[in-house]
Every structure is written in C-alpha cells, then in structure tokens.
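These notes concern the structure reproduced below.
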Amino acid sequence: MPPLTDISDLSGKTVLVLGGTAEGRALAAALADPVVPPFRVISSLAGRTREPLRPAGEVRIGGFGGVGGLVDYLRAERVDVLVDATHPFAEQISANASAASAATGLPLLVLRRPGWTEQPGDDWRRVPSLEAAAALLPHLGRRIFLTTGRQGIAAFADATECWFLARSVEPPTPPMPLHLEVLLDRGPFTVEGELRLLRDHGIDVLVSKDSGGADAKLVAARRRDIPVVLIDRPAAPPAAVLAGSVEEAVAWLRS
Ligand code: NAP
C-alpha cells in the first residue's frame, strides 16, 4: 500500500468510519483504543436495523443526504481521514465516499474483506446479480436457503415454484416469495448450527452474496453436497488505498 503522505501524524486526528459491518466495528475498537495513539473515531451507520451493534467511540446514525451532505459532514466535523468499511454490496455509499474524497481531497481508505474462494468439494454457480440467481434456482432445486439479507429477498418474489427459508436481521417487506419462512437471526453462525438448519428444513440450494468473512454456511453446504448460488460483488469504486483486513487498515493509519 502507498504510504500516507499528506498527514504526518494522526494522533488526535479524526477518522470517520463508514460502517455497518463487523470490520467497521473491529476497526473502530482498534482506533478508539486509548493506549496508542488517541484517534477521535466516529462510526457512521445507515440506520437500517433497529438495534444495531454499536461500535466503540462516537456513533452517528442515518444517511448524510448524498455526496453533498457527506462533504458538509466531513467539513463540519473536521474529519482528517475517511474510511469506507461498508459491506462490499453497499454500492451507493461507497460511490458517495469516493466522490466525497475527491471533492474534499481527504484520504480515503477502503477496507474490504476478500471474497470467498471455491474449495474442493464445492458446487458453486457464480451469477452477476440477485435476478440471475432467481432465474437459475428452478434448475437447481426447490427448497432454498436465502442468505442475501432483507433487501435481497424481493428479487425472488416471482420464483413461485420454490420454497424459501430466508434469514435476515430485520423482517423483510413486500414483495416477497409466495412460499417463504423467515428466520430472524444475526451471526456469527457455527458449522454445526448451519448443518442442522440445512437438514431440518430439507434445503437443497444455498443462495448467498459473495460477502467474504465467516463461511460456516459454505462449509455446511459443502459437507451436505448442496449447490451454492453465489452472487458476484459489484466493482469497487476507485480508491487510493485498499486494505483487506482490519490489521492492514490499522497499520496504514498508524504508519
Ligand atoms: P447503499 O445502498 O450503498 O446506500 C444507500 C444509502 O444509505 C446511502 O446513499 C446513504 O444515504 C445511506 N448509507 C448507507 N450506508 C451508510 C452508512 N454507513 N452511514 C450513513 N449512511 C449510509 O447501502 P445498503 O446496501 O442499503 O447498506 C446499508 C448499510 O448496511 C451499510 O452501512 C452497509 O455496510 C450495511 N450492510 C449492507 C449489506 C448489503 O448486503 N448491502 C449487508 C450487511 C451490512 P445518503 O446518500 O443519504 O448519505
């Protein structure tokens, strides 16, 4: 990664972490550590979940009002570094962060966990979108475990020949598939738990975004010889610095 050239010492500087992910929380915890060196950390959450897991340090909740609103916020809070630690599928806020960085000249660090890699024994079908996943399902099975998150469920509303078990943190809203059971739950999940869930519901296909990170559901699908429909990540917007882990991000910020 290129060195941070425009800020020589970040002690006491303000870092805005666009979060809503486990990585965002881990980064905020690492940066808010009072021992070395004291950053001011503000985490920003979209406000999609009613009881979000709160990151360490300051937290603000809700949209900024587009790129202009984000630029205003960065200036008002005298932010020194912007970190985009949002989910790889949160395209809009990442595009806004990139545009706001360009408009203000603030350094932008994008923290993205790597996507998953197929292992021996896996039966994966990679597709470019939720819609492509829905179109493929009737050719693969009838009892589908849908782990695309609440906002991804609507894309499967027309797949009337399939039965769905959809897991999400918040209840989904219409449109929804006709044959749907919703499981409200939040990770982390264990391989044993995922195996039980696949067995108890007679699941024959797993659908997931290529989010990366904890992969208990993928291990469980491999063990049960269940095909996985994996939705490819959207292209990441241009960023000066890309970190693949919280440790890398912290090292860059402290360097
Ligand atoms: P999105 O489509 O990229 O963003 C839509 C709008 O929501 C943005 O333009 C922004 O509103 C607001 N927003 C999003 N993230 C924000 C944040 N961290 N802080 C303040 N405002 C934010 O986002 P999304 O896909 O709905 O995801 C929303 C949040 O959930 C993200 O923070 C993401 O990390 C998390 N998440 C998403 C997924 C997923 O699959 N998409 C999965 C897990 C977690 P304004 O334009 O008004 O600023």
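The values are calculated or read from the model by the stated rules, or taken from the named source; none is laboratory data. Note that this is a predicted model, so its numbers are computed, not measured. Note that each Cβ is placed from the backbone with ideal geometry, even for glycine, and that neighbours are counted across all protein chains shown. The accessibility values were calculated without ligands, DNA or RNA, using every heavy atom of the protein model including side chains. Shrake-Rupley method; radii C 1.70, N 1.55, O 1.52, S 1.80 Å.
Quick look at the values:
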quantity	calculated
Those residues of the range 219-231 which are open to solvent by less than 30 Å² (accessible area, probe 1.4 Å) and closer than 20 Å to C162 by Cβ, in sequence order	A220, A221, I226, P227, V228, V229, L230, I231
Single unsatisfied condition, E118 versus (1) surrounded by 13 or more Cβ atoms within 10 Å (Cβ to Cβ); (2) modelled with pLDDT of 95 or more; (3) within 16 Å of the ligand (Cβ to nearest atom)	(3)
Residue list for the range 10-69, restricted to those being within 8 Å of the ligand (Cβ to nearest atom), of a type outside the set (S, T, N, Q) and in a strand (DSSP E or B)	L18, L45, R60, I61
The range 70-94: number of residues that are within 6 Å of the ligand (Cβ to nearest atom) and without any contact (Cβ under 8 Å) to a residue 24 or more places away in the chain	1
Only listed residue being crowded, with 18+ Cβ neighbours inside 10 Å, at pLDDT 95 or above and closer than 30 Å to A240 by Cα, chosen from A100, A95, A134	A100
Residue tally, condition in contact with a helix residue (DSSP H, G or I) (Cβ under 8 Å, 6 or more places away or on another chain), within 16 Å of the ligand (Cβ to nearest atom) and either at pLDDT below 95 or not in a strand (DSSP E or B) (or both), over the range 193-213	1
Subset of the range 184-204 (residues that are open to solvent by less than 80 Å² (accessible area, probe 1.4 Å), of a type in the set (A, V, I, L, M, F, W, C) and more than 17 Å from C162 (Cα to Cα))	F189, V191, L195, L197
Members of the range 206-215 that are buried (at least 17 other Cβ atoms within 10 Å of the Cβ) and among the small types (G, A, S)	S208, S211, G212
Positions within the range 107-132 being among the hydrophobic types (A, V, I, L, M, F, W, C) and either within 19 Å of the chain's Cα centre (by Cα) or not in a helix (DSSP H, G or I) (or both), in sequence order	L108, L109, V110, L111, W116, W124, V127, L130
